[in-house]
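Report on the structure given below.
The values are calculated or read from the model by the stated rules, or taken from the named source; none is laboratory data. In this text the structure is predicted, and so the values were computed from the model without any measurement. Note that we place each Cβ from the backbone using ideal geometry, even for glycine, and neighbour counts take in every protein chain shown. Heads up: the accessible areas ignore ligands, DNA and RNA and are worked out on the full protein's heavy atoms, side chains in. Shrake-Rupley method; radii C 1.70, N 1.55, O 1.52, S 1.80 Å.
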Amino acid sequence: MKKPAADRILMFLKMRGEATSLLISKELSITKEGARKHLLNLAVEGLIRPVSKSEGVGRPSTYYTLTEKGLSQFPDSHADVTVQILRSVKNLLGENALDLLINDREKNTYERYEKALVKAESLEQRLEVLVQARSEEGYMAEWTKEGNEYFLIENHCPICAAATECQGFCRAELSNFRNLIGKEYQVERVSHILSGGQRCVYKISE
């Protein structure tokens with residue numbers, strides 16, 4: 001079943017970060033008037049907000065972006081329970097036990113991805129496999145290329161609460177990406193949700 005236009009707009013803004021009403025109408029194949037009506041309703045509900053941007057000569061353009069309430073429509077997976085478990089492990093067993101838990105998760109994740117990457121020969125093939133795997137896990141992943149650099153983008157973090165409680169999860173994921181993509185490439189996280197970014201972005205260069 002096709003999702004309502006309002007839900008598709010929220011998803012599009014989550015993926016893009018921001019967009020004009022014209023771009024939204026084109027990408028979602030709805031009329032300009034329909035897009036404006038939905039945007040107005042979403043703004044009234046407090047799910048999005050307009051941002052005016054000057055783009056050279058002429059009137060400023062109006063972009064729309066998700067508010068905190070809008071971002072909450074893409075929930076963290078079992079956030080409260082996860083945080084409670086992490087705190088219990090830390091309080092009862094200590095920091096070392098928490099590190100062991102994260103290392104075990106990192107190892108299992110690496111082995112699962114490595115198996116999926118067996119037939120991927122080029123960097124683009126490896127990125128395609130990683131994007132598919134991460135998207136299936138709720139990260140809303142995609143990859144792009146700009147010049148000679150590649151970017152692995154995760155538009156959502158389904159373990160954000162856990163990562164906020166213990167940033168070892170983020171360090172483990174960066175380590176896995178570096179090992180899986182290959183030692184001949186440099187992998188750097190250039191945008192981080194936990195540091196205020198709208199999404200996590202990894203730059204890959206030779």
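Some values worked out for this structure:
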{"read-out": "Hull shadow area, averaged, region 115-205 [alpha-carbon convex hull, nm²]", "value": "5.7 nm²"}
{"read-out": "For q = 0.08, 0.12, 0.16, 0.19 Å⁻¹, Debye-computed log10 I/I(0) when each Cα of the chain counts as one equal scatterer", "value": "-0.35, -0.75, -1.14, -1.34"}
{"read-out": "Degrees, to the nearest 10: 79-93 long Cα axis against longest axis of the chain", "value": "30 degrees"}
{"read-out": "Dimensions in Å of region 5-72 - Rg and Dmax from alpha carbons", "value": "11.4, 36"}
{"read-out": "Residue-normalised accessible area of region 115-205, given per residue in Å² at a 1.4 Å probe", "value": "50 Å²"}
{"read-out": "Per residue, in Å², the accessible surface of region 5-72 once ligands and nucleic acids are set aside, probe 1.4 Å", "value": "60 Å²"}
{"read-out": "Between region 1-42 and region 162-206, the alpha-carbon center distance in angstrom", "value": "30 Å"}
{"read-out": "For the chain, Cys with no neighbouring Cys Cβ under 4.7 Å", "value": "CYS166, CYS170, CYS200"}
{"read-out": "Modelled FRET efficiency - R0 41 Å, LEU23 with SER195, Cβ distances, 0.05 increments", "value": "0.95"}
{"read-out": "Rounded, prolate or oblate (a/c below 1.5 giving rounded, otherwise prolate when a/b exceeds b/c) for region 60-178 by Cα gyration tensor", "value": "oblate"}
{"read-out": "GNM flexibility winner over the chain from SER25, SER54, SER195 (Cα, springs under 10 Å)", "value": "SER54"}
{"read-out": "Spin-label pair GLN132/ALA97, simplified geometry with 7 Å Cα→Cβ offset, distance in nm", "value": "3.9 nm"}
{"read-out": "Distance violations [Cα-Cα > 32 Å] among LYS26/LYS183; LYS32/LYS145; LYS14/LYS115", "value": "LYS26/LYS183"}
{"read-out": "Carbon plus sulfur fraction of accessible area for the chain, probe 1.4 Å, in percent", "value": "50 percent"}
